[in-house]
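Engineer: This is the structure, below, for whatever I ask next.
Since every read-out is calculated from the coordinates, none of them should be taken as a lab result. Every value quoted in this text rests on a predicted model; they were computed, and no experiment measured them. Glycine gets a Cβ as well: all are built from the backbone with ideal geometry, and neighbour counts include every protein chain shown.
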Amino acid sequence: MSAVNDTKLKFAVFLLTGIPGQEDVHLWISIPFCLMYVISIVGNSIILFIIKTDPSLHEPMYIFLSMLAVTDLGLSISTMPTTLGMFLFNSREISHSACFAQLFFIHSFSFTESSMLLLMAYDRFVAICNPLRYASILTPSRIAKMGLVSVLRGVAVVFPLPFLLKHYRYCQANVLSHSYCINQEVMNLACSDITINYMYGLFVTISTVGLDSLLILLSYVMILKTVLSIASHTERLRALSTCISHICAFLLFYMPMLGLSVIHRFVKSSSPLLVILIGYVYLVISPVMNPIVYSVKSKHLRARIIRVFVK
């Protein structure tokens with residue numbers, strides 16, 4: 001009877017993984033993770049507070065930045081319970097339902113962040129290529145509609161995934177290579193035919209992240225073309241400097257996200273440590289770096305933050 005119960009328990013949960021071979025120092029590894037989560041939550045919360053309370057920052061660029069900060073908060077909160085539970089308390093087990101719920105929130109916020117980065121690229125495109133119509137194009141009501149559509153798209157495309165995964169049988173050793181659940185890895189543990197999930201996931205990735213990244217690259221091609229037509233070298237640098245923060249956020253988010261998706265779907269003999277590190281860069285480090293990069297590069301935002309702390 002005990003053996004039967006153990007078997008049922010084994011198949012009723014997934015087992016999370018920290019950093020292989022470093023189990024003895026997981027408690028020490030938890031310290032930088034705790035710091036990163038604190039920086040992410042506090043940093044993004046400060047940006048939201050500053051933008052909300054300072055009327056001079058109620059401009060399209062900063063409104064989009066506040067949307068990005070909310071999305072980063074969602075990403076951090078989605079991965080924090082299992083990651084810290086894994087490293088602090090060696091809590092490896094997660095039920096199927098909790099795992100499916102976590103991957104729903106992780107992927108919803110990921111696709112929403114992709115949309116936010118696209119909106120921020122559009123903001124820079126309008127500001128540089130059509131500055132005279134900037135205020136008339138990006139009105140508050142239009143920005144609100146764009147943000148709402150981005151959130152609804154992120155939720156809608158991910159909504160079927162937990163239901164597809166829930167109907168699969170999981171009869172293997174259900175060990176995940178991360179300290180959180182993501183669709184690409186969970187579906188590979190199923191004993192059932194995952195063709196529908198595989199094709200749908202691939203379609204969603206291409207139609208959201210793939211399309212967004214192409215549109216962002218296209219916007220920067222147009223921006224670069226406009227900047228190069230400016231006669232003054234100083235004005236060129238000034239125009240490009242307004243895009244540096246967004247470019248950093250774009251690279252921090254898209255490169256590890258696309259890399260992780262490609263490795264899980266097409267590369268079968270990849271290094272487990274490489275997969276784990278890319279996953280943490282994608283879901284943990286990116287929300288940490290975004291508020292730091294924007295606070296450092298945005299002179300107006302940095303001045304408001306300093307003024308608040310000086311007071």
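Engineer: At a Förster distance of 25 Å, what's the computed FRET efficiency of residue 163 paired with residue 45, Cβ-Cβ distance as r, to 0.05?
Structural biologist: 0.15
Engineer: Taking Cα atoms, how many degrees apart are the long axis of helix 211-228 and the longest axis of the chain, rounded to 10 and kept between 0 and 90?
Structural biologist: That works out to roughly 20 degrees.
Engineer: Nearest 10 degrees is fine. How inclined is helix 26-53 to the longest principal axis of the chain, computing both from alpha carbons?
Structural biologist: The answer is roughly 40 degrees.
Engineer: Counting alpha carbon pairs within less than 8 Å and at least 6 residues apart, what relative contact order, in whole percent, applies to the range 121-280?
Structural biologist: This gives 28 percent for the range 121-280.
Engineer: Counting C-alpha atoms alone, how compact is the chain: give Rg to one decimal and Dmax as a whole number, in angstrom.
Structural biologist: According to the Cα coordinates of the chain, Rg and Dmax are 21.3, 82 Å.
Engineer: Also, quick follow-up: Return, for the Cα atoms of the range 80-208, the radius of gyration and Dmax in Å, separated by a comma.
Structural biologist: Expressed in Å, the Cα Rg and Dmax of the range 80-208 come to 18.8, 61.
Engineer: What is the gain in length, in nm to one decimal, between residue 203 and residue 25 on full extension, counting 0.36 nm per residue of separation less the C-alpha to C-alpha distance?
Structural biologist: Gain in length upon complete extension: 60.1 nm.
Engineer: Moving to a separate point now. When the chain is modelled as a GNM with alpha-carbon springs shorter than 10 Å, which of 41, 196, 276 fluctuates the most?
Structural biologist: 196
Engineer: First check a/c for the range 208-250, with a ≥ b ≥ c the square roots of the eigenvalues of its C-alpha gyration tensor; if it is under 1.5, answer rounded, and if not, answer prolate when a/b is larger than b/c or oblate otherwise.
Structural biologist: oblate
Engineer: Same structure again: So which aspartates and glutamates pass the test for residue 225, namely a Cα distance under 12 Å, with those fewer than 8 places away in the same chain ruled out?
Structural biologist: Straight-line reach from residue 225, under 12 Å: no aspartates and glutamates qualify.
Engineer: Something else about it: Can you sort 36, 222 so the residue with the fewest Cβ neighbours within 10 Å comes first?
Structural biologist: Final ranking by Cβ density, sparse to dense: 222, 36.
Engineer: For the residues 107, 167, what sequence is obtained by ranking on other C-beta atoms within 10 Å, fewest first?
Structural biologist: Fewest to most other Cβ atoms nearby, the residues stand as 167, 107.
Engineer: Pairs of Cα atoms under 8 Å, at least six residues apart: use those to get the relative contact order of the chain, whole percent.
Structural biologist: In percent, rounded to a whole number, it is 26.
Engineer: By how many degrees, 0 to 90 and rounded to 10, does the Cα axis of helix 244-266 deviate from the longest principal axis of the chain?
Structural biologist: 30
Engineer: Using 0.36 nm times the number of residues separating residue 152 and residue 225, minus their current alpha carbon distance, what extension gain do you get?
Structural biologist: So the chain would gain 23.0 nm between residue 152 and residue 225.
Engineer: Mind telling me which of 105, 89, 64 comes out most flexible in a GNM of the chain, alpha-carbon contacts under 10 Å?
Structural biologist: 89
Engineer: If you take the beta carbon distance between residue 171 and residue 217 as r and set R0 to 35 Å, what does 1/(1 + (r/R0)^6) give as a FRET efficiency, to the nearest 0.05?
Structural biologist: E between residue 171 and residue 217, to the nearest 0.05, is 0.25.
Engineer: First check a/c for the range 109-165, with a ≥ b ≥ c the square roots of the eigenvalues of its C-alpha gyration tensor; if it is under 1.5, answer rounded, and if not, answer prolate when a/b is larger than b/c or oblate otherwise.
Structural biologist: The shape class here is prolate.
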